[in-house]
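Inspection log for the structure reproduced underneath, given as C-alpha cells.
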Amino acid sequence: LSLERLEDDLFRGQSRDIGTKYVFGGQVLGQALSAAQATMTSPRPAHSLHAYFLRAGDVEAPIVYDVDRTRDGGSFSVRRVTAIQHGKVIFFCAASFQEEEAGAEHQLSMPEVPAPE
C-alpha cells in the first residue's frame, strides 16, 4: 500500500502482479484510502468509504492517485480520490474521516449465559 508522493495531493502506486493482466480491486481501494489518509493534517480514522470501479486496471502500469481535500472540519474530514491509468479514470472514491470522540452507545450488554461445556 506504500505510495510515492509526487505533489501534496498527488501519489503514484505500483501494482502487485497476482497472475492476471488486471489490477486487483482491493489493492486500488487500499492505495486510494492510503493516499487520502496521507493528506490528513491530524490523525483521524476512516469511518465511511464509497467506491466505484469504472475500468479494469493494467497491472503493468503505475496508478496515479489524485486526492481532493473536499473538507476539513472540527470533527470530520472528507477526501475524494481519483485513480488514473493511461489518462483515464479507473476508480474513484469518497472517504470520510472522523476525530475519535466519545459518543452514545447503542449496543446492549452481553447477557449472562452459561459457559460452553
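Structure notes:
- Approximate shape of region 62-111 as ellipsoid semi-axes (Cα gyration tensor, √5λ), whole Å, largest first: 34, 15, 6
- The chain, accessible surface, carbon-and-sulfur percent (1.4 angstrom probe): 53
- Label-point separation in nm, ASP58 to ARG71, each point 7 Å along Cα→Cβ: 3.7
- Accessible area per residue for the chain is 68 Å², calculated with a 1.4 Å probe on protein heavy atoms, without ligands, DNA or RNA.
- Interatomic Cα distance distribution for the chain, bins of 10 angstrom, percent: 13, 39, 23, 12, 10, 3, 0
- 0 to 90° range, to nearest 10: angle between helix 25-38 axis and the chain longest Cα axis: 80
- Rounded to the nearest 0.05, the FRET efficiency derived from the C-beta distance between HIS106 and VAL78 at R0 = 30 Å is 0.80.
- Once C-alpha pairs closer than 8 Å and six or more residues apart are averaged by separation and normalised to the residue number of the chain, the relative contact order reads 26 percent.
- In region 1-68, the convex hull through the Cα atoms has an average projected area of 4.9 nm², a quarter of its surface area.
- Modelled label positions at THR20 and VAL113, each set 7 Å beyond Cα in the direction of Cβ, lie 3.8 nm from each other.
- For region 51-117: relative contact order, % (alpha-carbon pairs under 8 angstrom, 6 or more apart): 29
The values are calculated or read from the model by the stated rules, or taken from the named source; none is laboratory data. None of these values were measured; they are calculated from a predicted model. Neighbour counts run over all protein chains shown; Cβ positions are idealised from the backbone, glycine included. SASA here: full protein model, heavy atoms, side chains in, ligands and nucleic acids out. Shrake-Rupley method; radii C 1.70, N 1.55, O 1.52, S 1.80 Å.
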